[in-house]
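The values are calculated or read from the model by the stated rules, or taken from the named source; none is laboratory data. Predicted model only: the values in this text are computed from it and were never measured. Positions of Cβ are generated from backbone atoms using ideal geometry, with glycine treated the same way; all protein chains shown enter the neighbour counts. Areas reflect the complete protein model, heavy atoms only, side chains present, ligands, DNA and RNA absent. Shrake-Rupley method; radii C 1.70, N 1.55, O 1.52, S 1.80 Å.
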Amino acid sequence: MNLILLGAPGAGKGTQAEVICNHLNIPAISTGNILREAVKNGTQLGLEAKSFMDSGALVPDEIVIGILKDRIGEDDCQNGFILDGFPRTVPQAKALDEMGVQIDKVIDIEVADEKIMQRLSGRRVCADCGASYHIEYKPSKSEGVCDKCGGETVLRKDDHPDTIKDRLHVYHEQTEPLKDYYQQTGKLVVVQGQEDVADTSALTLKAVEA
């Protein structure tokens with residue numbers, strides 16, 4: 001089964017990708033990883049991508065999809081794969097279709113913006129050992145102090161409310177239209193994110209098997 005996983009930043013896509021991987025024994029493919037791998041391996045498309053990456057420019061969609069096609073042609077993708085982080089826009093989805101990449105189902109993990117703000121802005125990380133906490137769901141015993149090493153727990157830049165708002169704005173503007181695109185093809189299945197990750201995972205697997 002060939003799947004695409006959609007969802008806003010902080011919706012828990014990575015966790016659900018892992019759940020599906022383990023259940024179906026298929027790989028999750030992220031564009032960042034396959035681009036780095038292609039560059040490392042020195043493939044023709046990898047070398048083309050490197051010239052853009054070195055200059056700080058976005059790698060053109062046709063190169064990304066070409067590398068993607070190479071990746072899904074590998075043995076571990078024979079029973080299927082999950083695309084996580086691509087496509088990000090409707091033009092990328094259309095390019096994917098035009099290059100003959102077959103997608104069976106698109107799973108959209110839906111979580112309200114307010115809940116995402118609460119999840120991400122409440123995260124804290126130890127500046128010394130990297131241990132993670134959440135001020136509401138997993139607080140440290142002493143506020144601002146790591147239980148493991150006594151270091152200071154801090155709010156990462158990515159988890160700052162202003163940064164989260166910017167990321168959500170980009171998602172709603174550029175990526176959310178994909179829901180309509182795949183709805184029209186009959187491939188979209190919506191999963192409502194739950195408070196408990198295990199409950200979301202159960203609904204995700206149910207959607208995959210439906």
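Restricting attention to the stretch 74-94, which residues are part of a loop (DSSP other than H, G, I, E, B) and aromatic (Phe, Trp, Tyr)?
86 - this is the single residue of the stretch 74-94 that is part of a loop (DSSP other than H, G, I, E, B) and aromatic (Phe, Trp, Tyr).
In summary, residue 82 fulfils each of the numbered conditions (1) open to solvent by 10 Å² or more (accessible area, probe 1.4 Å); (2) under 16 Å from the mean Cα position of the chain (by Cα); (3) of a type in the set (Val, Ile, Thr) with the single exception of condition (1).
Looking at the stretch 2-32, which of its residues are farther than 24 Å from residue 176 by Cβ and of a type outside the set (Val, Ile, Thr)?
First, the residues of the stretch 2-32 that are farther than 24 Å from residue 176 by Cβ: 21-27.
Across the stretch 2-32, the qualifying residues are 21, 22, 23, 24, 25, 27.
Confirm whether residue 148 is in contact with a Leu (Cβ under 7 Å, 6 or more places away or on another chain) and either among the β-branched types (Val, Ile, Thr) or at pLDDT 95 or above (or both). Taking the combined requirement at face value, the residue does not satisfy it. Which of the residues belonging to the stretch 33-56 are within 21 Å of the chain's Cα centre (by Cα) and surrounded by fewer than 18 Cβ atoms within 10 Å (Cβ to Cβ)? Correct list: 33, 36, 37, 53.
Among the helices (runs of 4 or more DSSP H) confined to the stretch 1-61, the ones with at least 3 residues that are charged (D, E, K, R) are located at 31-41, 44-54. The residue that is least open to solvent (accessible area, probe 1.4 Å), among those in the stretch 95-114 that are in contact (Cβ under 8 Å) with a residue 12 or more places away in the chain and assigned to a helix (DSSP H, G or I), is 96. Among the candidates 200, 153, 204, 185, single out the residue that is touching a Gly at 6+ places or on another chain (Cβ under 9 Å), among the polar types (S, T, N, Q) and under 30 Å from residue 24 (Cα atoms). Every option except 200 fails the conditions. Figure legend. Inter-residue proximity from the stretch 68-94: first residues on the phi > 0 side of the Ramachandran plot and free of Cβ contacts under 8 Å to residues at least 24 places away in the same chain, second residues among the aliphatic types (A, V, I, L, M) and part of a loop (DSSP other than H, G, I, E, B), beta-carbon distance below 7 Å, spacing 6+ or different chains. No pairs are indicated.
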